[in-house]
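Below is one structure; the comments refer to it alone.
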Amino acid sequence: MKQILGHVTAAAGSQVTVCLESGMASDGFGRIGNMVKVRCAEHDVIGVVNAARVDPGSPPRDVVVVELFGELVPTHDSRMQFSRGISRYPVSGAPVFGTSDLELAAIFAPPSGTNLRIGSLFHDPARPALLLMDPLLTRHFAVLGSTGSGKSCTATLILSAIAAEHPNAHIVLLDPHNEYTTAFGELAEVIDVDNLQMPFWFFDFEEAVRILVRGGTAQEQEAQAIILKNAITRARRHYAGDDPAATSITVDTPVPFRVTDLLRFIDGAMGKLDKADTSAPYLRLRTRLESLRDDRRFSFMFSEMVTRDTLAQFVGRMLRLPANGKPLSIMDLSGLPSEIADVVVSLACRVIFDFVLWSGPGQVPPLLLVCEEAHRYVPADEKAGFAAAARAITRIAKEGRKYGISLGLISQRPSELSPTALSQCGTIFALRLGSELDQRFVATALPDTAQGMLAALPTLRNQEAIIAGEGVPLPIRVRFDELPAPHRPRSEGAEFSRAWGAGGEQAARCAEALLEEGVRRWRLRTRSRAVL
């Protein structure tokens, strides 16, 4: 018969307080992270130690607090099966035992379906930490942690594991800092400012207003928006020509139009004015459109000499339809003008949802959208950022799983991330968080059974995380596997001491070449994929 570690002295919700038998604490039992079982009628309740103390008395007694999260129930063939949730809670006085290897195997046994190895358990390094892929993706996930805690490596590890198991997956990764373009090698299609083709007619009215309507008073901006709406609608219908459906085309219908026609319709409307002093909104709008058309940075919008309907090609490339052995498409946003990066994110997220929505149920294979620096595009403050981008991502968070669209949010500032979007994430990867505000915010997103682990958030080492939710059998603390050097994201800081320690004539020649090449690329608006 197994030795009793202690007895329950108090029970409250998902926690029980256990008074350990004499000498058990000194023998190593009762350490934070240890797993125990509590006898309860015909089954055993499983929990993890999350706090320990010594109660004064004569003699002093060692006391631990155990967080309960599931049950071991015997099956018809005398095996043990683990299930999450508690059907009957233990009572005061119930005996508490340690868990055996067979019981741990039942708790962490890989269920049917795809399971992704990402590391090992913190309290048992010999036991692998597995993600349940379908629950992970069906209910969305979030990777949260301070700068330098390993968020990018965690995201890379998860996506690499998915791609290794499913080379025909369909994953879109929004990369604002060019961190991931070299991490996946031949598995990824990289879409950047040098090969991006996103004609201006792709954008809907709200996105077009964000691009073109700048400066002036609120009344002047409203006037420009009305002018632009009429001109875009006419330009789309003009391109459709004699098509009977042309009359049903609206300002947001994804039908091509020519920028020259857009300018012509703006000029035509301006020519009908009775007073010259009312032409200011027209002139401002026209000047902005012409300046962007002539700006090299916006060539991905205005480079096509002949307007073509390339929407299907763009969607196919972005969503990897077909995958052709490249399950990821990485949208490198780092080379885009900063004032329109959020507009491009808005378009990408909107196109993903609308395409799947209008394709019909089950026609499009499931998709995963991963958004790095998510707090920039779906912020807690609705007045910050671009409302259309936040709305598009939030819509995927709320409704995506009905249509087979999964969402992954990555953020270093959880407190600045929309609570609405985060609340839809069924699995949370909580890495080191030093900010008390961020810790409190993450606490609201974690399930009750993981609350006892929150105290460890400020002290987690690099490559460590607390994972809770649908993607794991139970809340766990893990040590992530090491990524091979060629497959790590470019998120590490500079090595100042090594870089500044170089000198001499060779360093001077290298610096001269670096300056010339850097200025040349700056002028041409091109960047090297290699780290200089």
Among the listed residues 308, 293, 286, identify the single one that is of a type in the set (Lys, Arg), touching a residue at least 24 places away in the same chain (Cβ under 8 Å) and surrounded by 14 or more Cβ atoms within 10 Å (Cβ to Cβ). 293
Looking at 137, 174, which one is in the same structural domain as residue 457 (by TED's automatic domain parsing) and assigned to a strand (DSSP E or B)? 174
Residue 330 vs (1) modelled with pLDDT under 95; (2) buried (at least 21 other Cβ atoms within 10 Å of the Cβ); (3) under 18 Å from residue 194 (Cα atoms): all pass except (1)
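Every residue, every condition in (1) under 16 Å from residue 145 (Cα atoms); (2) of a type in the set (Val, Ile, Thr), yes or no:
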{"site": "386", "(1), (2)": "no, no"}
{"site": "392", "(1), (2)": "no, no"}
{"site": "399", "(1), (2)": "no, no"}
{"site": "402", "(1), (2)": "no, no"}
{"site": "405", "(1), (2)": "no, yes"}
{"site": "409", "(1), (2)": "yes, no"}
{"site": "412", "(1), (2)": "yes, no"}
{"site": "421", "(1), (2)": "no, no"}
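Give 289, 368 a once-over and let me know the one that is of a type in the set (A, V, I, L, M, F, W, C) and not assigned by TED's automatic domain parsing to the domain that holds residue 240. Talk me through it step by step, then tell me what you get.
Working: 289 fails: not assigned by TED's automatic domain parsing to the domain that holds residue 240.
Sole residue among the options that is of a type in the set (A, V, I, L, M, F, W, C) and not assigned by TED's automatic domain parsing to the domain that holds residue 240: 368.
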Which residue is surrounded by the most Cβ atoms within 10 Å (Cβ to Cβ), if the candidates are limited to the range 397-412 and must be of a type outside the set (Ser, Thr, Tyr) and more than 15 Å from residue 428 (Cβ to Cβ)? 405
Would a scan of the range 46-57 turn up a residue that is outside any strand (DSSP E or B), among the charged types (D, E, K, R), at pLDDT 80 or above and farther than 22 Å from residue 475 by Cα? no
Only listed residue being on the phi < 0 side of the Ramachandran plot and buried (at least 20 other Cβ atoms within 10 Å of the Cβ), chosen from 223, 208, 218: 208
Do any residues in the range 242-268 that are in contact (Cβ under 8 Å) with a residue 60 or more places away in the chain and more than 23 Å from residue 353 (Cα to Cα) have Cβ atoms under 6 Å from those of residues that are buried (at least 17 other Cβ atoms within 10 Å of the Cβ) and of a type in the set (Asp, Glu), where the two are at least six apart or on different chains, and which pairs are they? none
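Taking the stated definitions as given, is residue 123 surrounded by 13 or more Cβ atoms within 10 Å (Cβ to Cβ) and either out of contact with any Phe, Trp or Tyr (no Cβ under 7 Å at 6 or more places or on another chain) or assigned to a strand (DSSP E or B) (or both)?
Details: surrounded by 13 or more Cβ atoms within 10 Å (Cβ to Cβ): yes; either out of contact with any Phe, Trp or Tyr (no Cβ under 7 Å at 6 or more places or on another chain) or assigned to a strand (DSSP E or B) (or both): yes.
Yes.
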Filtered residue count, the range 417-440, keeping only those that are crowded, with 19+ Cβ neighbours inside 10 Å and either of a type in the set (A, V, I, L, M, F, W, C) or part of a helix (DSSP H, G or I) (or both): 10
Residue 265 is checked against (1) in contact with a Lys or Arg (Cβ under 6 Å, 6 or more places away or on another chain); (2) exposed (fewer than 13 other Cβ atoms within 10 Å of the Cβ) and fails just one. What number does that condition carry? (2)
Any residue that is farther than 30 Å from residue 488 by Cα, in the same structural domain as residue 298 (by TED's automatic domain parsing), part of a loop (DSSP other than H, G, I, E, B) and of a type in the set (Ser, Thr, Tyr) - is there at least one of those in the range 210-220? yes
Considering only residues that are in contact with a Phe, Trp or Tyr (Cβ under 7 Å, 6 or more places away or on another chain) and part of a strand (DSSP E or B), look in the range 72-116 and name the one that is surrounded by the fewest Cβ atoms within 10 Å (Cβ to Cβ). 84
Among (1) surrounded by fewer than 24 Cβ atoms within 10 Å (Cβ to Cβ); (2) of a type in the set (Phe, Trp, Tyr); (3) closer than 25 Å to residue 479 by Cβ, there is one condition residue 386 misses while meeting the rest; what is its number? (3)
Tally of residues being surrounded by 15 or more Cβ atoms within 10 Å (Cβ to Cβ), out of contact with any Lys or Arg (no Cβ under 8 Å at 6 or more places or on another chain) and charged (D, E, K, R) across the range 1-57: 3
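Assigned by TED's automatic domain parsing to the domain that holds residue 189, under 30 Å from residue 163 (Cβ atoms) and without any contact (Cβ under 8 Å) to a residue 24 or more places away in the chain, is that true of residue 325?
On the way: assigned by TED's automatic domain parsing to the domain that holds residue 189: yes; under 30 Å from residue 163 (Cβ atoms): yes; without any contact (Cβ under 8 Å) to a residue 24 or more places away in the chain: no.
Here the answer is no, as residue 325 does not meet what is asked.
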Residue 304 vs (1) part of a loop (DSSP other than H, G, I, E, B); (2) at pLDDT 90 or above; (3) among the charged types (D, E, K, R): all pass except (2)
Looking at the range 51-89 only, could you name the residues that are closer than 14 Å to residue 37 by Cα and β-branched (Val, Ile, Thr)? 64, 65, 66, 73, 86
Checking residue 323 against (1) under 21 Å from residue 231 (Cβ atoms); (2) over 18 Å from the mean Cα position of the chain (by Cα), the condition it does not meet: (1)
Whichever residue in the range 164-217 is free of Cβ contacts under 8 Å to residues at least 60 places away in the same chain and polar (S, T, N, Q) and, among such residues, is farthest from residue 152 (Cα to Cα): 217
Answer with yes or no whether residue 148 is on the phi > 0 side of the Ramachandran plot, surrounded by fewer than 19 Cβ atoms within 10 Å (Cβ to Cβ), in contact with a helix residue (DSSP H, G or I) (Cβ under 7 Å, 6 or more places away or on another chain) and not hydrophobic (A, V, I, L, M, F, W, C). no
Those residues that are touching a helix residue (DSSP H, G or I) at 6+ places or on another chain (Cβ under 8 Å) and charged (D, E, K, R), I need them from the range 207-262; list them, please. 207, 210, 214, 220, 229, 234, 236, 237, 252, 258, 261
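The values are calculated or read from the model by the stated rules, or taken from the named source; none is laboratory data. Nothing here was measured: the structure is a model prediction, and the numbers come from that model. Reconstructed Cβ throughout: ideal geometry from the backbone, glycine too, with neighbour counts over all protein chains shown.
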